[in-house]
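Enquirer: Okay, here's the structure, questions in a sec.
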Amino acid sequence: MKRTVLAALSALALSAGAALTGCGASGGEWARGVMADRASEAGPARGFNTADVMFLQMMVPHNGQGVELARLARERAAREEVRILAAAVVTAQEAETATMAGWLRGWDQPATAPADEHAAHGGMPETSEREIAEVTGAAPADFETRFLDTLIAHQDDAVQLARAEAAAGLHPEVRRLAERIDLSRTAQIEQMLRLRGR
């Protein structure tokens with residue numbers, strides 16, 4: 001399915017030839033919809049609500065895909081700046097994932113939600129196996145462009161999830177993490193667009 005990037009970046013990324021694919025409705029509507037539904041089932045006595053749980057369950061595998069992509073660039077990117085960005089993505093997202101998985105364990109919640117939990121809202125935001133394979137198999141001359149285009153779209157999904165959590169979540173630490181994810185991924189998207197020469 002087609003995935004859109006932030007409205008401010010969409011035209012720029014598309015003009016750079018980015019193949020931005022993914023799940024859900026445009027402008028993050030799928031994220032806001034699922035989080036709003038989850039927030040309506042809030043459990044304030046527990047200190048967290050189901051929007052918090054859904055955010056963590058979606059971000060854990062999402063971060064895993066980001067790390068998988070970034071590890072490719074850490075080894076194969078031609079420019080040092082791209083390799084440094086990739087290394088930073090790996091370090092930050094592995095740490096985030098450990099924290100998020102720890103919260104879910106502490107709350108006695110599964111690490112991921114069943115697929116049907118997301119179906120009504122356009123599916124789980126993810127980079128397809130085909131997209132990852134295309135980055136993996138890219139020729140050296142094409143690798144950086146393919147990597148940057150794919151990671152721009154991937155990190156935008158994280159921005160949309162984070163903003164939905166900030167709007168609907170209850171747990172203060174999870175909300176703060178969402179705010180940090182929003183800021184860091186937005187900065188990474190801007191950096192990657194510069195690296196794309198746009």
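Enquirer: Output the number of the condition that W107 fails; it satisfies all remaining conditions of (1) modelled with pLDDT under 95; (2) open to solvent by 10 Å² or more (accessible area, probe 1.4 Å); (3) out of contact with any Pro (no Cβ under 7 Å at 6 or more places or on another chain).
Expert: Every listed condition holds for W107 apart from (1).
Enquirer: Continuing with this model, one more query. Look at the stretch 152-177 and say how many of its residues are polar (S, T, N, Q) and open to solvent by 10 Å² or more (accessible area, probe 1.4 Å). Can you show your working first?
Expert: So in the stretch 152-177, the residues polar (S, T, N, Q) come out as 155, 160.
Still in the running and open to solvent by 10 Å² or more (accessible area, probe 1.4 Å): 160.
So the count comes out to 1.
Enquirer: Just to be sure before I move on: is G28 among the small types (G, A, S) and either at pLDDT below 85 or open to solvent by 60 Å² or more (accessible area, probe 1.4 Å) (or both) in the structure I sent?
Expert: Considered against the rule, which asks whether it is among the small types (G, A, S) and either at pLDDT below 85 or open to solvent by 60 Å² or more (accessible area, probe 1.4 Å) (or both), G28 comes out as yes.
Enquirer: In addition: Among the residues of the stretch 49-91, what is the count of those that are in a helix (DSSP H, G or I) and closer than 21 Å to H171 by Cα?
Expert: Residues in the stretch 49-91 being in a helix (DSSP H, G or I) and closer than 21 Å to H171 by Cα: 14 in total.
Enquirer: Can you pull out every residue in the stretch 178-198 that is open to solvent by 10 Å² or more (accessible area, probe 1.4 Å), among the basic types (K, R) and part of a helix (DSSP H, G or I)? Before you say what the answer is, go through the steps one by one.
Expert: Going residue by residue through the stretch 178-198, those that are open to solvent by 10 Å² or more (accessible area, probe 1.4 Å) are 179-180, 182-184, 186-188, 190-191, 194-198.
Right, trim to among the basic types (K, R) and you get 180, 194, 196, 198.
Selection gives R180, R194.
Enquirer: How many residues are of a type in the set (D, E, K, R) and open to solvent by 60 Å² or more (accessible area, probe 1.4 Å) if we restrict to the stretch 130-151?
Expert: So the answer is 4.
Enquirer: Just the residues that are over 12 Å from L56 (Cβ atoms), touching a residue at least 24 places away in the same chain (Cβ under 8 Å) and in a helix (DSSP H, G or I), please, taken from the stretch 156-173.
Expert: D156, D157, A158, V159, Q160, R163, A164, A167, A168
The values are calculated or read from the model by the stated rules, or taken from the named source; none is laboratory data. Everything numeric here is computed off the predicted structure, so don't read it as measured data. Glycine also receives a Cβ, built like all others from the backbone with ideal geometry; neighbour counts cover every protein chain displayed. Protein only, heavy atoms only, side chains kept; ligands, DNA and RNA dropped before computing areas. Shrake-Rupley method; radii C 1.70, N 1.55, O 1.52, S 1.80 Å.
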